[in-house]
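To start, the structure itself, in structure tokens.
Any read-out appearing in this document is the output of simple, stated calculations on the displayed coordinates, not a laboratory observation. Everything numeric here is computed off the predicted structure, so don't read it as measured data. Cβ placement follows ideal geometry from the backbone for every residue including glycine, while neighbour counts extend to all protein chains displayed.
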């Protein structure tokens, strides 16, 4: 069974020299597939490849992918800006000549703004491409982990859905076998209704009365609804065995279940059938709620 949920979380990390990074993926329900990426400054160029990888990994759900980085792929180099330092020294000597006093210490010059410079060695295109490939490889690891998490959640949902489909089948068979829909019961109920009407003194055309009774009995029959519900149960079980994403199909099937249950309830002829119909609708609503989580 490969039923997958649309909810899950995954994280993967990587390193290249002093440069480290981490991907965090979060997935929630969605009618279609939508990916939102949050990338640090300077990494926007990998967005098309990252988005394509996410689209290949998932068919439905809202996926948020965040990349965080730390350090730098090249070591920072510290240098002294000689021009700035010389200007500070010249100014200090000039002030000392005019005003006297102690000469400034070496340490005091080193704290002045602009004396120190931090430079990062530029990364070649080849090195950048290698780094990008490693970052995207880490994303693929996170995608695989998220897929596993979604399948594990899907396995739990499969148990719930299977139980709900079985309950729908049980209720459908209970409706089929309910004594209230036997011809004898229907005739007795109609006879009782006609008797009460005749007691009012109203005149009826017996032939027309017979025709109306046949029409009422036909409208009250639920065999078509029962047959369709049983067919939907078989279709649902086939979908739950599928190795492809079936969330959309299950959602549509749940709507069909609900349509037949509504018709069955409208035809209910007694309290027992009404109770079965209401429980059937409740179970179908619960099924539809769970189906919203399926990819």
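Between residue 29 and residue 195, what's the calculated FRET efficiency when r is the beta-carbon distance and R0 is 35 Å? Round to 0.05.
On the way: r = 56 Å, r/R0 = 1.60.
For residue 29 and residue 195, the calculated efficiency is 0.05.
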Exercise for the section: Could you pull out which residues in segment 14-45 have an amide N less than 18 Å from a spot 7 Å beyond the Cα of residue 148, following the Cα-Cβ vector? Expected result: 14, 23-27
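Taking R0 as 30 Å, what's the FRET efficiency between residue 160 and residue 274 from their Cβ-Cβ distance, rounded to 0.05? Present the calculation step by step, with values, prior to reporting the outcome.
Details: r = 26 Å, r/R0 = 0.88.
Between residue 160 and residue 274 the formula returns 0.70.
Roughly speaking, what is the stretch gain from residue 11 to residue 92, that is 0.36 nm per residue apart minus the C-alpha to C-alpha distance, in nm to one decimal? Don't skip to the end; give the middle numbers.
On the way: separation 81, 0.36 × 81 = 29.16 nm, distance 5.51 nm.
My answer for the length gained is 23.7 nm.
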Handout entry: Order of 167, 150 - criterion: other Cβ atoms within 10 Å of each residue's Cβ, fewest first
Key = 167, 150
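Quick one: order 274, 111 by neighbouring beta-carbon count within 10 Å, fewest to most. If you can, show how the numbers build up before the last one.
Values: 274 14, 111 8.
Sorted ascending by nearby Cβ count, the order is 111, 274.
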Exercise for the section: Run the quick spin-label model on residue 174 and residue 244: label points 7 Å from Cα toward the beta carbon, then report their separation in nm to one decimal. Expected result: 3.5 nm
Completion exercise
From the Cα centre of segment 19-54 to that of segment 234-270, the distance in Å is 35 Å
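Arrange the peptides 43-55, 282-294 so that the one whose residues have, on average, the most other Cβ atoms within 10 Å appears first. Provide the component values of the computation, followed by the final result.
Numbers: 43-55: 15.2, 282-294: 18.7.
Listed from highest to lowest mean packing, they are 282-294, 43-55.
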